[in-house]
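The values are calculated or read from the model by the stated rules, or taken from the named source; none is laboratory data. Worth saying up front: this structure is predicted, and the values here are computed from it rather than measured. Glycine also receives a Cβ, built like all others from the backbone with ideal geometry; neighbour counts cover every protein chain displayed. The accessibility values were calculated without ligands, DNA or RNA, using every heavy atom of the protein model including side chains. Shrake-Rupley method; radii C 1.70, N 1.55, O 1.52, S 1.80 Å.
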Amino acid sequence: MENNLKIDTGIDGTDETDLLQVTPAAFAAIKQSIINNKVPETYFLRIKSASGGCSGMQFSLEFDFNYDEFTDRELSTDGVRIVSDNKTIFYLMGITIDYIDDED
């Protein structure tokens, strides 16, 4: 989508189709969660991956403050620090993070 926030993964040889995208709804939910949980400015949003067996990859999002300069990459954008480890970053290429509130 045109309104999605597009984040360069910083991997050499990638193109527009490899960008991580975050929908406006997801980005608003991330920012609201930071406010609601009073997340300190020294923290960032970590995206982690794990094998989900037959169902493919599973991703988790959490606030973290432990940055490892040897294994992490920062994908900061629009005032939000997003961090992923070097393995996970390859699984983020070309995906879109969205947020749907289905509590209704």
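Tallying residues that are among the acidic types (Asp, Glu), surrounded by 11 or more Cβ atoms within 10 Å (Cβ to Cβ) and within 22 Å of residue 29 (Cα to Cα) within the stretch 46-77 yields 2.
Yes/no matrix, rows are residues, columns are (1) buried (at least 17 other Cβ atoms within 10 Å of the Cβ); (2) within 22 Å of residue 85 (Cβ to Cβ):
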| site | (1), (2) |
| --- | --- |
| 6 | no, yes |
| 16 | no, no |
| 21 | yes, yes |
| 27 | yes, yes |
| 33 | no, yes |
| 44 | yes, yes |
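So that you can scan it fast, the table gives a plain yes or no per residue for (1) assigned to a loop (DSSP other than H, G, I, E, B); (2) in contact with a strand residue (DSSP E or B) (Cβ under 6 Å, 6 or more places away or on another chain):
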| site | (1), (2) |
| --- | --- |
| 33 | no, no |
| 39 | yes, yes |
| 45 | no, yes |
| 50 | no, yes |
| 100 | yes, no |
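Going through (1) of a type in the set (Val, Ile, Thr); (2) open to solvent by less than 40 Å² (accessible area, probe 1.4 Å); (3) modelled with pLDDT under 90 one by one, residue 39 falls short only on (3). Report yes if some residue within the stretch 5-17 is in contact (Cβ under 8 Å) with a residue 60 or more places away in the chain, out of contact with any helix residue (DSSP H, G or I) (no Cβ under 9 Å at 6 or more places or on another chain) and part of a helix (DSSP H, G or I); otherwise report no. Yes - at least one qualifying residue is present in the stretch 5-17. Residue pairs whose Cβ atoms lie under 6 Å apart, separated by 6 or more positions or on different chains, with the first residue in the stretch 60-73 and within 15 Å of residue 43 (Cβ to Cβ) and the second of a type in the set (Val, Ile, Thr), are 61/47; 63/39; 65/42; 72/83. Only one of the numbered conditions (1) open to solvent by 30 Å² or more (accessible area, probe 1.4 Å); (2) touching a Ser or Thr at 6+ places or on another chain (Cβ under 7 Å) is not met by residue 10, and that is (2).
Take the residues of the stretch 78-104 that are exposed (fewer than 10 other Cβ atoms within 10 Å of the Cβ) and on the phi < 0 side of the Ramachandran plot: which is modelled with the highest pLDDT? For the stretch 78-104, the residue satisfying everything is 100.
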